[in-house]
Every structure is written in structure tokens, then in C-alpha cells.
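Peer 1: Pasting in a structure now, in C-alpha cells, and then I'll have a few things to ask.
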Amino acid sequence: MSDIISKSKRSINMSHIHGTNTTIEILVRKYLFGHGFRFRKNDKKLPGKPDVVLKKYKTVIFINGCFWHHHKNCKLAYIPKTNTDFWVNKFAKNIMNDKRHSRELRKMGYHVITVWECLLQKDFKREMNRVIRLLNKYRDTHSA
């Protein structure tokens, strides 16, 4: 099945997708800040350039879009019907990089939290409460 949008229009659409400061990243950061957490964003010195870095808690948060990071068993993680080989390889590389970055960060002593777009859309407050519970747990392990 061919794309219903022309190649030039598809190219324009794709060029408008940003890797940082997405809507969900901004919402997560506002929620964390509103709950008293202070952080850095997109620290280039760390593997994977995590979306949120809480040095005090030795914790990083990746806020993943389900499509780009190919969230397992998620309806948002579909494979486009055109240029399928490209997309399958792209998603495989993204997944491999995500795993490698998490492993490297853990070796550096960081806790790694991954937040998925679909879970935030489904129940934002519930997902963010999970993140805050983890942060409080990690704070307790680093304050002792």
C-alpha cells in the first residue's frame, strides 16, 4: 500500500518532528518542577543525552515516544507501510541504542527511569506518581 501523502508533504511533516522539548517532555518537567524536583535537561555529557537528569538522586529519566522508540506491544509503535526496511532497521537501532545507553548509565551508578508516551496519555497522574515514588526511593538510597 502506498502512502496517501506525497513524498514532499511527508518530508515536510517529518521535518517538523523535534527530538527535544516535545509536549510530553515539557509536561513531565513541569510536573516534576511543581513537585519540588530540580534537574538538568538533555545533558550531552551522559550517554543517550537523557531528557531529565536529577544529579542529587543519581537518576536520569528518558521520556520516550512510543513510535520512535518502538514501545513493545503498543498501538503507537506501528511500522509505516512504505519504506518498511528503512523503518524496521531504524527502530532496531533505536532500541539497541536505548539499551546500550541505559546499561552505560547504570555502570556509572545512575538509576534509569523510562516514561512512555502512551502511559502518560492514558493516565498522566498515575504514571507521574510512579516516577515520583521511584525518585523518593532513590533519594533515600543516596541520602544514607
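The values are calculated or read from the model by the stated rules, or taken from the named source; none is laboratory data. Bear in mind the structure is a predicted one, so any value in this text is a computation, not a measurement. Every residue, glycine as well, gets a Cβ built from its backbone with ideal geometry; the counts of neighbours run over all protein chains shown.
Peer 1: Being within 16 Å of L27 (Cβ to Cβ) and touching a Leu at 6+ places or on another chain (Cβ under 6 Å) is the filter here; which residues of region 93-144 pass it?
Peer 2: Passing the criteria: I113, C118, E127.
Peer 1: Here is a follow-up. Do you know which residues across region 121-135 are more than 15 Å from the chain's Cα centre (by Cα), closer than 22 Å to F67 by Cα and not basic (K, R)?
Peer 2: Once the filter is applied, which keeps residues that are more than 15 Å from the chain's Cα centre (by Cα), closer than 22 Å to F67 by Cα and not basic (K, R), region 121-135 yields only D123.
Peer 1: Hey, another quick one. Which condition number in (1) surrounded by fewer than 19 Cβ atoms within 10 Å (Cβ to Cβ); (2) on the phi < 0 side of the Ramachandran plot; (3) assigned to a loop (DSSP other than H, G, I, E, B) is the one that K56 fails?
Peer 2: Status for K56: all satisfied but (3).
Peer 1: Another question, if that's okay. Go through region 46-93 and count every residue that is of a type in the set (S, T, Y) and either touching an Asp or Glu at 6+ places or on another chain (Cβ under 9 Å) or without any contact (Cβ under 8 Å) to a residue 12 or more places away in the chain (or both).
Peer 2: 3
Peer 1: So which of N73, N42 is under 17 Å from the mean Cα position of the chain (by Cα), at positive phi and exposed (fewer than 13 other Cβ atoms within 10 Å of the Cβ)?
Peer 2: Going through N73, N42 in turn, the sole match is N73.
Peer 1: Only residues that are assigned to a helix (DSSP H, G or I) and not charged (D, E, K, R): list them for region 70-101, please.
Peer 2: T84, F86, W87, V88, N89, F91, A92, N94, I95, M96, N97, H101
Peer 1: If you don't mind, another one. Against the condition of a type in the set (D, E, K, R), out of contact with any helix residue (DSSP H, G or I) (no Cβ under 6 Å at 6 or more places or on another chain), touching a residue at least 12 places away in the same chain (Cβ under 8 Å) and not in a loop (DSSP other than H, G, I, E, B), how does E104 come out, does it pass?
Peer 2: Yes; evaluated as a whole, the condition is true for this residue.
Peer 1: Output the number of the condition that K56 fails; it satisfies all remaining conditions of (1) at pLDDT below 95; (2) under 12 Å from the mean Cα position of the chain (by Cα); (3) of a type in the set (K, R).
Peer 2: (2)
For every residue, the table says whether it meets (1) modelled with pLDDT of 95 or more; (2) closer than 25 Å to F33 by Cβ.
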| residue | (1), (2) |
| --- | --- |
| P80 | no, no |
| R103 | yes, no |
| Y110 | yes, yes |
| E117 | yes, yes |
| N129 | yes, yes |
| S143 | no, yes |
